[in-house]
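Below: one structure, written as structure tokens.
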Amino acid sequence: MRTTQVQVLGRVVALPNKVEQLGVVLRGLVEPSRAHAGCLRYELTQNLADPTEFVFVEVWESEALLDAHLGTKLLADAIAALDGLVAGPPDIRRFRQLA
């Protein structure tokens, strides 16, 4: 059975002295994003071996609903808040489940 769901891994790496500040910004996305239409899963994780690395694990009902989420003011404000906190741009990858 083919699904239209899309899974997302979003990786963000903090500057070494900005881990706590970045964590605050990223945690602020979790609850509001979970309330967005089509959100089935939205989790924020932090690498145990490298605390500068944060990864979002998300599942959306469709790419269209994911795109709507990515176009919100919430996300635009968060992207703007990353300035001076991150080592590089976020790496956001979309996947489909195969098995």
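Remarks
- Test for Ala68: is it among the small types (Gly, Ala, Ser) and modelled with pLDDT under 95: no
- Pair list, Cβ < 7 Å and 6+ apart or interchain, from region 13-28 residues that are at pLDDT 95 or above to residues that are exposed (fewer than 15 other Cβ atoms within 10 Å of the Cβ): Val13/Ala87; Val13/Gly88; Ala14/Ala87; Leu15/Ala87; Val19/Pro51
The values are calculated or read from the model by the stated rules, or taken from the named source; none is laboratory data. The shown structure was predicted, so the numbers you read here are calculated from the model rather than taken from an experiment. Because the Cβ atoms are built from the backbone with ideal geometry, glycine has one as well, and the counts that use them run over all protein chains shown.
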